[in-house]
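The structure appears right after this line, and notes come after that.
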Amino acid sequence: MATDLKRFSEMVRESSRIVIFTGAGISTESGIPDFRSPGGLWEKHRPIDFSEFLQSEEARRESWRRKFAMESVLSKAKPNKGHKAIFSLYDRGKVTAVVTQNIDGLHQSSGIADKDVIEVHGNTTYAKCLKCQTRISLDVVREVFSNNETLPDCGQCGGIVKTATISFGQAMPVEEMQRADAAAQAAELFIAIGSSLVVYPAAEIPLVAKQAGARLIILNREPTPLDDFADLVVLGEIGETLDFVTKL
Ligand code: NAD
């Protein structure tokens, strides 16, 4: 057995306060493309940043078009081996929190309680009014938008409606970032999985854990800029690696 996998499973076995941090890479095996890999979303679309979304009706239309085009993939996506392996550690009481940059809700679908998943970039499975924060179902938005691409507005206050995700240029959610910070500070072992670790401020969270005394493992198929800070870097595919190390 490769030494790094043996070390990975030992570190997991030795720890009872593990915090998991995931990026888009954990969901590629569920058929959801990540941003930066070949064939990833950035090869197809330039991201629409928050100020553009606010200022331009066409940008809002384009963003709803993209959202509904991705819906056939997202609505069918199921947790894969990687999500399931994390759930098995959680179910054994070893994982105290999952901090995720993902917006797909697959950790919750794998069985992890909502209260233990900290979504620092929001969630794309529903929409929200940007003014009064009312939650709005995507079915309602779809119905409005299907009428000649009419832009949805909030039934309560008339505000602009957007998926409940955090776009580039949009403020990070304060409560979630505080919870992520507290989870990182309390971690004994922090495992960053499937993230290029270049999107800030989310990429600071593994460093917060490390500086507070946690051991840090990074699992990704390619190197990341934080590898030098890690106690262990495992270069590999997420599903098979996690399945293997959590069953040892
Ligand atoms: P990223 O695209 O920048 O990085 C993903 C990393 O995962 C890459 O380094 C890639 O090599 C690696 N990877 C992909 N599949 C893998 C696999 N099967 N095994 C091992 N490694 C694999 O993603 P990021 O760091 O999460 O940052 C981008 C932003 O994209 C996040 O803010 C997130 O909100 C958003 N996003 C989310 C989803 C989703 O919810 N599933 C999908 C695309 C983008």
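Assorted remarks:
- Residue check for K162: over 19 Å from the mean Cα position of the chain (by Cα) and either open to solvent by less than 50 Å² (accessible area, probe 1.4 Å) or not polar (S, T, N, Q) (or both): no
Here's the yes/no breakdown for (1) within 16 Å of the chain's Cα centre (by Cα); (2) of a type in the set (S, T, N, Q); (3) closer than 29 Å to G159 by Cβ:
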{"site": "R46", "(1), (2), (3)": "no, no, yes"}
{"site": "E57", "(1), (2), (3)": "no, no, yes"}
{"site": "R61", "(1), (2), (3)": "no, no, yes"}
{"site": "E71", "(1), (2), (3)": "no, no, yes"}
{"site": "A77", "(1), (2), (3)": "yes, no, no"}
{"site": "K84", "(1), (2), (3)": "yes, no, no"}
{"site": "S88", "(1), (2), (3)": "no, yes, no"}
{"site": "G93", "(1), (2), (3)": "no, no, no"}
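Conditions (1) in contact with a helix residue (DSSP H, G or I) (Cβ under 7 Å, 6 or more places away or on another chain); (2) outside the structural domain of F50 (by TED's automatic domain parsing); (3) farther than 20 Å from E14 by Cβ; (4) within 13 Å of the ligand (Cβ to nearest atom), marked per residue:
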position	(1), (2), (3), (4)
C157	no, no, yes, no
A182	no, yes, yes, no
V198	no, yes, yes, yes
A209	yes, yes, no, no
L216	yes, yes, no, no
E222	no, yes, yes, yes
P225	no, yes, yes, yes
G236	no, yes, yes, yes
G239	yes, yes, yes, yes
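- N102 more than 17 Å from G31 (Cα to Cα) and either out of contact with any Lys or Arg (no Cβ under 8 Å at 6 or more places or on another chain) or surrounded by 21 or more Cβ atoms within 10 Å (Cβ to Cβ) (or both): no
- Meets criteria (more than 16 Å from the ligand (Cβ to nearest atom), under 16 Å from the mean Cα position of the chain (by Cα) and within 21 Å of A214 (Cβ to Cβ)) for A97: yes
- Segment 6-41: number of residues that are among the aliphatic types (A, V, I, L, M) and within 14 Å of the ligand (Cβ to nearest atom): 5
The values are calculated or read from the model by the stated rules, or taken from the named source; none is laboratory data. Note that the structure is a prediction, hence the values are computed from the model and not measured. When we count neighbours, we look across all protein chains shown, and the Cβ atoms used for this are built from the backbone with ideal geometry, even at glycine. Just so you know, the surface numbers come from the protein's heavy atoms only, side chains and all, with ligands and any DNA or RNA stripped out. Shrake-Rupley method; radii C 1.70, N 1.55, O 1.52, S 1.80 Å.
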